[in-house]
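**Student:** One structure, pasted below without further comment.
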Amino acid sequence: MQPKIVLASSSPYRQAVFKKLALPFTAFSPAIDESRQENERPTDLVERLALEKAMAGMPLYGDALIIGSDQVCVIDEEVLGKPGIREKAIEQLLRASGKQVTFYTGIAVINSKTGHHQSDVEPFHVDFRDLSEAEITRYIDKELPLDCAGSFKCEGLGIALFNAMHGRDPNTLIGLPLIRLREMLEKEGVSVI
């Protein structure tokens, strides 16, 4: 019998991506402090937060595989979070214009019954095309990507902002690297196919 699978995320984007695996799952919103620690590298930050999100489910789900994920956007070695407001989204996309932007996604799977855990970080690189402020403003007004790291939704109109994408798994850009997650689940005895 397969263990229960729990996604430690309230993100509708991550939940939609996870559904591609056609596995039954439950989702919950982990209440953790997502602040970056002093001098913490982006890769260390997302791996730590992915683990903390998964661990937050351990008291709630005693016999489950709990999946945590976290993502940051890095431009010129600076971590950009979710913009929250329109003005900040415009600022972020102006900075990204004509540059390669890296997204780091931390992924963790914890077996709450055994305590065994796995974690990793998947990078994904996006080459933004040169964008005018008018294009950026129109994009933000149409898509409202205020809850997305980097101020865009690649699963929507955001794809029009790019020249190229580079990475192992395009789902990484949405915040849940399914290829790596499948590998982790298989180590816990869960077969996707």
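The values are calculated or read from the model by the stated rules, or taken from the named source; none is laboratory data. Just so it is clear, the structure is predicted and the values come from calculations on it, not from any experiment. Here Cβ is always computed from backbone atoms with ideal geometry, including for glycine, and neighbour counts include all displayed protein chains.
**Student:** Can you find a residue that is of a type in the set (Asp, Glu) and within 20 Å of PRO123 (Cα to Cα) anywhere in region 82-103?
**Tutor:** For region 82-103, residues of a type in the set (Asp, Glu) and within 20 Å of PRO123 (Cα to Cα): absent.
**Student:** Output the number of residues of region 54-68 satisfying the condition of being farther than 10 Å from VAL6 by Cβ, in contact with a Pro (Cβ under 7 Å, 6 or more places away or on another chain) and part of a loop (DSSP other than H, G, I, E, B).
**Tutor:** Qualifying residue count, region 54-68: 1.
**Student:** Same structure again: Could you tell me which residue of region 93-111 is nearest to PHE152 (Cα to Cα), considering only residues that are crowded, with 19+ Cβ neighbours inside 10 Å and aliphatic (A, V, I, L, M)?
**Tutor:** If we take residues in region 93-111 being crowded, with 19+ Cβ neighbours inside 10 Å and aliphatic (A, V, I, L, M), then LEU93 is nearest to PHE152 (Cα to Cα).
**Student:** Looking at region 110-127, I want the residues that are outside any strand (DSSP E or B) and have a partner that is surrounded by fewer than 16 Cβ atoms within 10 Å (Cβ to Cβ) with Cβ atoms under 8 Å, at least 6 apart or on another chain. Which pairs are those?
**Tutor:** Pairs found: SER112/GLY62; SER112/ASP63; LYS113/GLY62; LYS113/ASP63.
**Student:** Given the structure, is ARG95 more than 20 Å from PRO30 (Cα to Cα), basic (Lys, Arg), without any contact (Cβ under 8 Å) to a residue 40 or more places away in the chain and out of contact with any Asp or Glu (no Cβ under 7 Å at 6 or more places or on another chain)?
**Tutor:** Criteria met by ARG95.
**Student:** All but one of (1) modelled with pLDDT of 95 or more; (2) surrounded by 18 or more Cβ atoms within 10 Å (Cβ to Cβ); (3) not in a helix (DSSP H, G or I) hold for PRO145, so report the exception by its number.
**Tutor:** (1)
**Student:** To continue, here is another question. Filter region 5-31 for residues that are surrounded by 15 or more Cβ atoms within 10 Å (Cβ to Cβ), free of Cβ contacts under 8 Å to residues at least 60 places away in the same chain and within 16 Å of the chain's Cα centre (by Cα) and give the result.
**Tutor:** Across region 5-31, the qualifying residues are ALA27, PHE28, PRO30.
**Student:** Scanning region 152-193 for residues that are touching a residue at least 40 places away in the same chain (Cβ under 8 Å) and in a strand (DSSP E or B), which turns out nearest to the chain's Cα centre (by Cα)?
**Tutor:** GLY167
**Student:** Do we have any residue at all in region 150-165 that's among the hydroxyl-bearing types (Ser, Thr, Tyr) and under 19 Å from LEU93 (Cβ atoms)?
**Tutor:** yes
**Student:** Can you find even one residue in region 76-89 that is touching a Lys or Arg at 6+ places or on another chain (Cβ under 8 Å) and part of a strand (DSSP E or B)?
**Tutor:** The answer is yes, given that some residue of region 76-89 is touching a Lys or Arg at 6+ places or on another chain (Cβ under 8 Å) and part of a strand (DSSP E or B).
**Student:** I've got another one for you. Which condition breaks for SER35 when tested against (1) touching a residue at least 24 places away in the same chain (Cβ under 8 Å); (2) more than 21 Å from GLY156 (Cβ to Cβ); (3) assigned to a loop (DSSP other than H, G, I, E, B)?
**Tutor:** Only one criterion in (1) touching a residue at least 24 places away in the same chain (Cβ under 8 Å); (2) more than 21 Å from GLY156 (Cβ to Cβ); (3) assigned to a loop (DSSP other than H, G, I, E, B) is unmet by SER35, namely (1).
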